[in-house]
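Structure first, commentary second.
The values are calculated or read from the model by the stated rules, or taken from the named source; none is laboratory data. Here the structure is a predicted model, which means the values were calculated and not measured. Heads up, the Cβs are rebuilt from the backbone with ideal geometry, glycines too, and the neighbour counts pull from every protein chain shown.
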Amino acid sequence: MADVEHIAIVRHVTMDGIDEAIGSLDPKAHGQKGVDKARAKLTFVRMRYRGWSVVEAADALGINAQTGYNWQMAWNESGLGSLYPAPRTGRPPKLDEAQREALADRIRRGPMTTREARLFIVGRFGVEYSEKQVHVILGSMGFHHSKPYPVDYRRPADAEGQLKKNSRMLWTA
């Protein structure tokens with residue numbers, strides 16, 4: 001009874017279709033590691049089409065038998081769609097696009113420090129961020145920080161002398 005296959009492979013494409021899929025793998029689209037893994041999965045499916053058992057094909061490719069069964073189940077469910085993992089989107093941001101745009105509008109109206117931006121976010125949207133995270137968010141939105149005394153009619157004559165290395169940075173558009 002050891003030679004009986006309990007899970008049959010679904011033939012979504014022909015053997016020529018598998019060979020074409022292997023030939024059309026593009027490292028630019030999915031990276032070299034993604035292409036190597038997809039090639040291994042297609043080779044596994046080709047072996048299964050030719051009558052190899054899951055365990056034999058897995059052994060030939062140097063993978064665990066359970067991984068072979070997982071690959072076959074994924075192939076049976078979605079065919080060529082199972083070659084690459086689903087994109088991982090991650091946790092959604094606390095601020096939606098409209099809130100980010102309101103923050104950007106506020107900064108465009110006049111420079112503010114990271115602390116002021118954090119307090120604006122807490123007061124206006126009720127969302128807590130650390131100052132470091134606000135710094136990261138503003139940087140990702142295309143803002144840059146500048147010296148605390150931008151060129152301005154209120155700038156003191158000795159502004160450079162008053163500036164210190166660790167002075168607060170202002171965010172500007």
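Residues in segment 1-45 that are at pLDDT below 85 and more than 17 Å from Tyr84 (Cβ to Cβ): Met1, Ala2, Asp3, Val4, Glu5, His6, Ile7. Does Arg88 fit the bill of being under 30 Å from Ile22 (Cα atoms) and assigned to a loop (DSSP other than H, G, I, E, B)? It is true that Arg88 is under 30 Å from Ile22 (Cα atoms) and assigned to a loop (DSSP other than H, G, I, E, B). Kindly provide the set of residues from segment 64-85 that are touching a residue at least 40 places away in the same chain (Cβ under 8 Å) and in a helix (DSSP H, G or I), ordered by number. Correct list: Tyr69, Gln72, Met73, Trp75, Asn76, Gly79, Leu80, Ser82. Have a look at Glu97, Glu101, Glu131, Glu116 and point out the one that is over 30 Å from Val10 (Cα atoms), surrounded by 15 or more Cβ atoms within 10 Å (Cβ to Cβ) and among the charged types (D, E, K, R). Just a single option satisfies the conditions, and that option is Glu116.
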